[in-house]
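What follows is a set of notes on a single structure, which appears directly below.
The values are calculated or read from the model by the stated rules, or taken from the named source; none is laboratory data. Computed from a predicted model, the values in this text were never measured in an experiment. Note that we place each Cβ from the backbone using ideal geometry, even for glycine, and neighbour counts take in every protein chain shown. Quick note on the areas: whole protein, heavy atoms, side chains included, nothing else; ligands and nucleic acids left out. Shrake-Rupley method; radii C 1.70, N 1.55, O 1.52, S 1.80 Å.
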Amino acid sequence: MAGLGLSLNLSDLGDKPNKSEPGQVVERDLIIIGSGPAGLSAAIYAGRSERKPLVIAGQTFGGQAALTAGIENYPGFQEGIGGLNLIEQMIDQAKKFGADIIYDDVTEFDSSGYPYTVKTLDAVFQARAIIITTGASPRKLGVPGESKFFGRGVSTCATCDGYFYKDREVVVVGGGDSALDESIYLTRFASSVTVIHRRDALRASAILQERAFANEKIHFVWNSVLEEVLGDRVVSGVKLRDVKTGEMTELACDGVFIYVGLVPSTQLFAGQLELDKDGYIITDRKYHTNIPGVFAAGDVQDPHFRQVVVAAGSGAAAAIEADHFLAEKDYEAGKVE
Ligand code: NAP
């Protein structure tokens with residue numbers, strides 16, 4: 001047991017597979033780190049392969065999908081579905097097939113010995129195979145006032161915070177699908193939504209552009225970047241710079257929603273797994289990382305598509321590969337003929 005002391009099987013822990021006493025190690029066949037569409041699809045597939053996967057969901061579960069008000073392009077839901085609703089259904093489906101789900105954060109991943117070690121706030125686990133689906137989190141601008149006012153007028157989640165801006169004026173920074181999707185959502189509450197974009201053409205898909213341009217509450221400030229978030233105790237405005245003329249202006253507003261892309265959540269794996277220059281985990285076409293038995297799926301390894309359906313598909317594929325890996329290990333150990 002790689003020098004980690006007493007080891008336990010899950011069955012030793014009764015109905016508490018999520019905690020271990022000091023020095024105890026909980027053994028699992030397969031651990032899935034993350035609980036977005038990739039992790040939960042992996043859990044459904046691994047559950048149906050009777051691998052009894054453990055999903056370490058994080059204290060806030062569901063990833064970016066759970067924070068999305070409405071998902072219109074996930075197959076099977078013609079009228080769209082709320083992101084949290086979709087995630088909750090995936091959790092129920094995974095549990096139905098025997099997945100254990102714990103709402104704990106991974107604090108350490110160690111692939112130097114085998115089985116691999118995963119520590120959380122509450123427990124130490126060892127697993128024969130691991131699927132990493134830790135996703136990506138919103139990129140910050142790094143401008144003055146952004147951190148100071150985070151949660152006091154600055155947000156990266158319209159679904160979470162939009163309600164607080166009833167009849168208020170907000171700005172949205174970014175020109176991609178997220179910026180427009182969330183701008184349209186914010187018009188349910190806000191009296192006006194001003195999109196600040198650094199170019200004069202949007203990156204967002206045509207359908208979202210059409211809807212945003214047709215929405216009377218949405219206005220655009222082109223060729224401009226946010227230089228500073230202004231305020232005293234809460235946000236009162238933003239300072240903008242026109243990138244063409246260099247002119248600085250101030251715009252009064254009550255809220256600032258930032259959607260300038262995502263950064264992969266891979267800090268735990270740096271130095272162990274191969275990452276690309278932007279920090280995404282490098283996998284082969286079957287979602288294998290450079291370490292045997294460690295797989296990655298979803299946004300944590302996908303800088304290109306970042307769609308719920310793509311993440312779900314990659315999670316399913318990673319689970320199939322993890323099952324093959326475990327079957328091979330069992331065969332080598334003579335556990336199966
Ligand atoms: P994204 O597509 O990477 O767009 C980021 C936007 O932020 C771009 O317009 C970019 O400008 C701008 N930006 C980046 N860094 C900036 C900075 N430092 N200052 C100012 N602006 C900056 O990210 P996203 O919109 O979050 O979307 C992520 C992925 O999720 C995409 O693949 C998207 O298609 C997908 N998604 C899909 C849906 C949907 O299908 N309904 C909804 C949400 C997200 P430039 O354009 O100049 O590069």
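Here are a few things to note about the model shown:
- Residue match in the stretch 163-170 (condition: surrounded by 14 or more Cβ atoms within 10 Å (Cβ to Cβ), within 16 Å of the ligand (Cβ to nearest atom), outside the structural domain of D323 (by TED's automatic domain parsing) and of a type in the set (A, V, I, L, M)): no
- Given (1) more than 16 Å from the ligand (Cβ to nearest atom); (2) within 21 Å of the chain's Cα centre (by Cα); (3) not small (G, A, S), index of the condition I258 fails: (1)
- Total residues in the stretch 1-46, condition part of a strand (DSSP E or B), at pLDDT below 60 and either among the acidic types (D, E) or surrounded by 22 or more Cβ atoms within 10 Å (Cβ to Cβ) (or both): 0
- One residue from T107, T134 being in a loop (DSSP other than H, G, I, E, B) and under 19 Å from G58 (Cβ atoms): T134
- Hits in the stretch 240-250 - residues which are away from the ligand (no atom under 15 Å from the Cβ) and part of a strand (DSSP E or B): M248, T249, E250
- Subset of the stretch 47-78 (residues that are more than 29 Å from Y185 (Cβ to Cβ), outside any loop (DSSP other than H, G, I, E, B) and within 20 Å of the chain's Cα centre (by Cα)): L54, I56
- Residue in the stretch 181-198 that is farther than 22 Å from L84 by Cβ and open to solvent by 30 Å² or more (accessible area, probe 1.4 Å) present: yes
- Applying the set (1) in contact with an Asp or Glu (Cβ under 9 Å, 6 or more places away or on another chain); (2) in the same structural domain as G83 (by TED's automatic domain parsing); (3) of a type in the set (V, I, T) to V154 leaves exactly one unmet item: (2).
- Among the numbered conditions (1) open to solvent by 10 Å² or more (accessible area, probe 1.4 Å); (2) in contact with a strand residue (DSSP E or B) (Cβ under 8 Å, 6 or more places away or on another chain), the only one that L54 does not meet is (1).
- Of all residues in the stretch 184-207 being touching a residue at least 40 places away in the same chain (Cβ under 8 Å) and away from the ligand (no atom under 11 Å from the Cβ), the one that is nearest to P138 (Cα to Cα): L186
- Of the residues making up the stretch 295-337, those that are at positive phi and touching a residue at least 40 places away in the same chain (Cβ under 8 Å) are G298, R306.
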